[in-house]
Amino acid sequence: MKAKNISWLVLVLILTVLSVFFVYPKAPIGGYISQYMPWKLGLDLVGGSYLVYEVDMSNVASTDRDSVINGLRDVIEKRVNMFGVAEPRITTSRAGENYRLNVELAGIKDINQAINQIGATPFLQFAEVSQVDVPATATTTATKAQKLSLTELDGRYIKGAQLTLSDLGQPLVSIEFNDEGAKIFEAITARNIQKPLAIFLDGLSIIDTNGDKKIDSNDLYAPTIEERIPGGRAQISGIRDVKEAQLLVERFNAGALPAPIKLINQQTVSASLGQDSLQKTILAGIWGTLAVMLFMMIYYHGLGFFASIALFIYIALSLAVFKVFNVTMSLAGIAGFVLSIGMAVDANVLIFERTREEMKKGLQKSTSLDEGFRRAWTSIRDSNLTTILTTIILYNFTSGFVKGFALTLLIGVLVSMFTAISVTRNLLRIFYTKNNH
């Protein structure tokens with residue numbers, strides 16, 4: 001059994017060493033550390049880009065405008081923060097009848113890159129296509145040309161789009177309209193059976209990537225309507241490949257905005273706390289961790305020494321996980337991580353107190369240790385499960401910095417449970433119980 005414990009511990013130590021090299025900064029703490037930190041840093045630490053969008057509410061009823069502006073804020077936040085780790089700060093403002101969205105993106109100093117992350121200000125439109133006669137001239141013969149007639153159907157009426165596959169494995173794009181959009185779409189399809197319906201995003205063909213297909217172009221993306229389509233659900237078939245289908249889905253979802261937006265201001269912002277605050281925060285975390293380790297060794301002696309080793313392993317592994325998953329480290333995220341350090345030590349305290357009680361009964365070290373872990377486990381499990389549930393709720397029902405706090409705390413708790421139970425236990429089994437008295 002001890003040989004198995006040693007092999008497992010060696011594997012963990014190798015992983016820890018690799019983690020240290022993976023996250024070690026390329027400059028000393030005294031330097032401009034934000035330039036060398038291996039993690040993405042939040043806007044409050046390193047600054048970023050600031051964009052202001054004006055929302056066109058001219059076609060939105062006054063009673064719906066508050067919900068529309070909030071919906072737009074959520075749409076933009078999802079674009080730049082698909083997994084909730086980039087921590088954009090997106091706020092709304094109003095001056096009279098003017099509605100605006102203010103977007104702050106951490107660590108992005110290139111304005112063009114920031115705009116690209118949000119995407120163009122998309123507005124999805126549908127146009128009926130008909131053939132018209134072009135009279136002959138002295139240099140040309142009579143021919144046919146396409147005439148476009150914009151419909152009232154646009155992105156406001158689309159709930160969303162998704163990629164599906166036919167029974168034969170061919171890619172399809174499924175589109176769902178809201179109730180009002182379903183009625184409009186049914187009327188359009190009823191009068192355009194066996195005719196194309198052109199689709200545009202910001203006046204360009206929806207799958208054009210060159211930016212040269214204007215709204216009056218004859219080169220259109222226009223699927224043919226096979227029949228009248230009721231119910232608000234439609235499918236686009238005849239797509240060349242999955243890549244094109246994915247592009248269509250992205251463009252449809254990007255254009256499914258309740259109101260068009262226009263970029264009116266853009267600038268680069270500096271860090272609100274600066275280099276000095278970041279360095280002080282890191283140094284405070286280091287000194288605080290060393291103080292916790294010192295306390296554990298003074299109060300619990302040998303047990304505390306091995307708990308301190310496990311705590312170091314926990315920190316290395318957690319920081320590596322943060323980097324692997326590209327977690328943005330704002331002050332809120334750092335706070336969640338520091339809190340999880342305290343919770344990791346708290347688990348060891350419960351275990352050690354139970355172990356001491358068993359040793360006072362005259363049991364051997366190995367037996368006392370096993371009983372200490374067994375009896376403390378239920379308390380550790382329940383307290384950590386409640387914390388995990390809380391972080392999941394915060395992550396799913398909040399945004400921005402609170403979401404970052406929840407994410408780092410969740411990762412920290414999961415890693416701390418692993419190190420406090422498994423790593424500490426194996427260390428004590430191998431070294432602490434060597435003298436079993």
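Beta carbons closer than 8 Å, at least 6 apart along the sequence or on distinct chains, pair a first residue in segment 177-198 that is hydroxyl-bearing (Ser, Thr, Tyr) with a second that is surrounded by fewer than 17 Cβ atoms within 10 Å (Cβ to Cβ) for Thr189/Glu227; Thr189/Arg228.
Scan segment 354-380 for residues that are touching a residue at least 24 places away in the same chain (Cβ under 8 Å) and either farther than 14 Å from Leu428 by Cβ or not in a helix (DSSP H, G or I) (or both) and the total you get is 4.
Evaluated against (1) under 30 Å from Asp44 (Cβ atoms); (2) crowded, with 21+ Cβ neighbours inside 10 Å; (3) not aromatic (Phe, Trp, Tyr), Met296 falls short on exactly one condition, (1).
Residues in segment 414-437 that are at pLDDT below 80 and more than 18 Å from Gly304 (Cβ to Cβ): Asn436, His437. Take the conditions (1) surrounded by fewer than 16 Cβ atoms within 10 Å (Cβ to Cβ); (2) β-branched (Val, Ile, Thr); (3) over 23 Å from Pro88 (Cα atoms); Val413 misses just one of them, which is (1).
Please determine whether any residue of segment 367-374 is exposed (fewer than 14 other Cβ atoms within 10 Å of the Cβ) and farther than 15 Å from Ser416 by Cα. Yes: one or more hits.
Can you tell me which residues in segment 86-105 are of a type in the set (Ser, Thr, Tyr) and within 14 Å of Val75 (Cα to Cα)? Answer for segment 86-105, where residues must be of a type in the set (Ser, Thr, Tyr) and within 14 Å of Val75 (Cα to Cα): Thr91, Thr92.
Given the criteria part of a helix (DSSP H, G or I) and in contact with a Phe, Trp or Tyr (Cβ under 7 Å, 6 or more places away or on another chain), does Gly412 qualify? Full working, then the answer.
On the way: part of a helix (DSSP H, G or I): yes; in contact with a Phe, Trp or Tyr (Cβ under 7 Å, 6 or more places away or on another chain): yes.
Answer is yes for this residue.
The combined condition, being at pLDDT 80 or above, under 29 Å from Asp110 (Cβ atoms) and either in a helix (DSSP H, G or I) or of a type in the set (A, V, I, L, M) (or both), is fulfilled by Ile264.
Got a number for residues in segment 75-112 being at pLDDT below 75 and among the hydrophobic types (A, V, I, L, M, F, W, C)?
Within segment 75-112, the subset at pLDDT below 75 is 75, 78-88, 106-111.
Now drop any that are not among the hydrophobic types (A, V, I, L, M, F, W, C), which leaves 75, 80, 82-83, 85-86, 106, 108, 111.
Number satisfying all stated conditions: 9.
Output the number of residues of segment 47-63 satisfying the condition of being among the aromatic types (Phe, Trp, Tyr) and in contact with a Leu (Cβ under 6 Å, 6 or more places away or on another chain). Result for segment 47-63: 1.
Look through Ile341, Ile351, Ile334 and report the one residue that is of a type outside the set (Gly, Ala, Ser), under 20 Å from Ala106 (Cβ atoms) and assigned to a helix (DSSP H, G or I).
Ile334
Taken over segment 146-167, residues that are surrounded by 16 or more Cβ atoms within 10 Å (Cβ to Cβ) and not in a strand (DSSP E or B) amount to 3.
The values are calculated or read from the model by the stated rules, or taken from the named source; none is laboratory data. This one's a predicted model, so the numbers in the text were calculated from it and none came from an experiment. Note that each Cβ is placed from the backbone with ideal geometry, even for glycine, and that neighbours are counted across all protein chains shown.
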